[in-house]
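The values are calculated or read from the model by the stated rules, or taken from the named source; none is laboratory data. This is a predicted model, so every value here is computed, not measured. Using ideal geometry, Cβ is built from the backbone for each residue, glycine included, and neighbour counts are taken over all protein chains shown.
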Amino acid sequence: MKRIYLDHAATTYMDDCVKAAMEPFWHKNFGNASTIYKEGIDARNAMTASRKIIASIIGANPDEIIFTNGGTESDNLAIFGVARLHKKGHIITTKIEHHAVLNPCEVLEKEGFDVTFLKVDKNGIADLKELKNSLRKDTILVSIMYANNEIGAIQPIKEIAKIIRDFKKKEKSANPLFHTDAIQAAGYLNLNIAKLGVDLMSLNASKIYGPKGVGCLYIKRGVKLLPVIYGGAQERGLRPGTENIAGIVGFAKALEMSQNQAVKESKRLIILRDYLIKGILKKVPHSALNGHPTFRLPNNVNVTIPGVEGESSVLYLDAAGIACSTGSACTSQSLEPSHVITALGKSKEDAHCSVRFTLGRKTSKKDIDYLLKVFPEIIKKLRIVSAI
Amino acid sequence: MKQQREWIYTKTVKEHFFHPRNLLLDDPEPGEFDAEGIVGSPACGDVMKMWLKVDRKTRRIKNLKWRSFGCATAIASTSMFSQMVAEKGGMKLEDALKLTPRDIMECLGGLPPYKIHCSVLADQAFHNTVENYFQKFPEEAPHK
C-alpha cells in the first residue's frame, strides 16, 4: 500500500541533496575535527564552512553557533546553561512549550528556582500582559517557543523581545535572557536573530529534511552559560564530544535548502492546509480546529474529533496508509492528555480526541483528497464503537 | 527473544481493535438486556459501557455487549472480555466474576505496562454491570 506521511512535525525524510552533501563524511573524510593532521583539518574545514552557512542564514557570527546532538539538547543547554550559572532566580516560560523546555523548567523548580508558566489564549498565543507583569528583578531567563509543535501557533517573538528589552532598560539589568525554541519554525519562518531579538535560539536538522541527531544552539556574543555535559574543549567547552561532522554538514545543507524555499513552500502548504481544515470541518460532524485558523505554521492541522480517542484515529488511519499523530500523549506512554490542547481552555476530553496532521514537501493535493475520503469513514466507524 | 513486531501492540489486540466482537450497534430495545454498567470518564480518556443478558435458569451469560471510548487497547480489552464471557455458550456468572484483569491481558497476548489499566477498566465495567444486575434481580445475588 502507498503510504502517505503526514507527520512532518515528528520528523522528516532526508532530502537527497542533504544526503549527497553528507556522503563523503562517513568514510572518506572521517577525521576527528580536534586533531592536527590532514584528516582532522579536512573535518574541521567542513565544520567551519557549515557553521558559517548556518550563522549567515540566521544573521549571526559563526562563533555564536554551538552544535549539539539535537533540539532537546539545545533546549536543555539553553535552560540549564543559564540556570547553572546563576544558581538561583526566576524563569518565565509558557504552558505550551515542548517537553524539552517544560521538563528542564520543572526540574529547576524542584531545585529551588521560581518558574512562571504563562497562560496562552484560546489560539495558543502567549499572554503578553502576563509576561510583562511576571518579569522580576531576579528573572534570569524567558524561554518561549517560536512555533508550537502540536498546534503550530506562532508566538509574537519580536514583541516579546521588545517587552524584555524595555524591562532590561528600565531596570538597567543584563537579565533576563531570551531563549526561543525555533525547531518547528525553521522550515517556514524567518530566523534572523536581529529581527527576532533573541539571545538564545534552538535549531534542529531532523524536522527540516536533514539528519537526525544534530542541532545547534545560537548563543549571542557576550551571553554566558555553563555546559550541561563535560569532557572536552569542543564547541568552546559548551558541548564537549567528538563533533558529528556528517550530521553538521547535513544540517547546514538542510537549513539552507529549507530557508531558501520557505516562502514558496509556505504558500503551497497554506493552500493545502486550509483545504484540509475546511474538508475535515465539513465532512466530520462536530469536529473542531485546535489553534488559530491562520496564525499557525503552514503545515499544521490539529483537530478535535469528539467521541473518538486520538490513538484510535491514528491507528485506523495507519491501517489506511496514512501516518499522522495525536496531540494526546496516549501513544507516548503517558496517559495524560495533551498539555497544549488543555492550555487552550479545552477540556481533557477534547484533548484526548485530538489528531495532528503535519504536511511537508512530498504532500500533494491527491494525498489530502485521499485523507478526506477515508478519515470521515473511519470516524463514523469509531463513533459506533464509542461509549460517549 | 521476542519477535519483531509489525504493529504497536500484539496481533490479538490488533485483531480485536479492527474487528471488535459483541459491539452494541443499535441502542437497546427495552427489555433486551437485564442490566448495564459504565466505568471511566471522558476526561481520563476511557469510558466503557456494558449491557448484560443472563439466562436465569443456567445462570450463564447469554449476551454481553459493549461500547468503548478509548485507545486501541481499551477497545481490544472490552472486545476480548466480551468474547471470553459471552461466546461458546456463555460463562456462568460466578465464573465470569472470578476473571481478573490479568486474564484479559493474557488473552490479549500482553499489554505494555502503561496500558494495563485498560484491562482493569474492562474488568471494572463488568463488575459494575453485574452489580446493576444484582440490584435489579436481588434474588439472583449470591447469599451473603
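Here are a few things to note about the model shown:
- Evaluating B:H127 against the criteria (1) away from chain A (no Cβ under 14 Å); (2) over 21 Å from A:S386 (Cα atoms) leaves one unmet condition, (2).
- Residue, modelled with the lowest pLDDT, within segment B:100-141, restricted to residues that are among the polar types (S, T, N, Q) and within 19 Å of B:E36 (Cα to Cα): B:S119
- On the stretch given as segment A:25-84, residues that are touching a Leu at 6+ places or on another chain (Cβ under 7 Å) and either more than 23 Å from A:I183 (Cα to Cα) or part of a strand (DSSP E or B) (or both) total 3.
- For segment A:284-302, the criterion of a residue being farther than 22 Å from A:S325 by Cβ, β-branched (V, I, T), surrounded by 14 or more Cβ atoms within 10 Å (Cβ to Cβ) and touching a Gly at 6+ places or on another chain (Cβ under 9 Å) is satisfied by no position.
- Every condition in (1) surrounded by fewer than 24 Cβ atoms within 10 Å (Cβ to Cβ); (2) free of Cβ contacts under 8 Å to residues at least 60 places away in the same chain; (3) within 14 Å of chain B (Cβ to nearest Cβ); (4) charged (D, E, K, R) is met by A:E311 except one, and the failing one is (1).
- Residues that are within 14 Å of chain B (Cβ to nearest Cβ), within 30 Å of A:M14 (Cβ to Cβ) and hydrophobic (A, V, I, L, M, F, W, C) within segment A:344-373 comprise just one, A:V355.
- Some residue of segment A:328-336 being at pLDDT 95 or above, surrounded by 18 or more Cβ atoms within 10 Å (Cβ to Cβ) and within 14 Å of chain B (Cβ to nearest Cβ): no
- Among the residues of segment B:23-72, the one identified as surrounded by fewer than 17 Cβ atoms within 10 Å (Cβ to Cβ), polar (S, T, N, Q) and more than 11 Å from chain A (Cβ to nearest Cβ) is B:T58.
- Positions within segment A:332-380 being among the acidic types (D, E), over 27 Å from A:K267 (Cβ atoms) and in a helix (DSSP H, G or I), in sequence order: A:E349, A:D350, A:E377
- Residue within segment A:7-25 that is more than 29 Å from the chain's Cα centre (by Cα) and surrounded by fewer than 13 Cβ atoms within 10 Å (Cβ to Cβ) present: no
- Hey, A:P62 under 23 Å from the mean Cα position of the chain (by Cα), free of Cβ contacts under 8 Å to residues at least 24 places away in the same chain and farther than 30 Å from A:G321 by Cα or not: yes
- Exclusive hit being at negative phi, more than 10 Å from the chain's Cα centre (by Cα), in a strand (DSSP E or B) and at pLDDT 95 or above, set B:V13, B:V54: B:V54
- Among the residues listed as A:K253, A:K267, A:K282, A:K278, the single one being closer than 30 Å to A:S50 by Cβ, without any contact (Cβ under 8 Å) to a residue 40 or more places away in the chain, away from chain B (no Cβ under 14 Å) and not in a loop (DSSP other than H, G, I, E, B): A:K267
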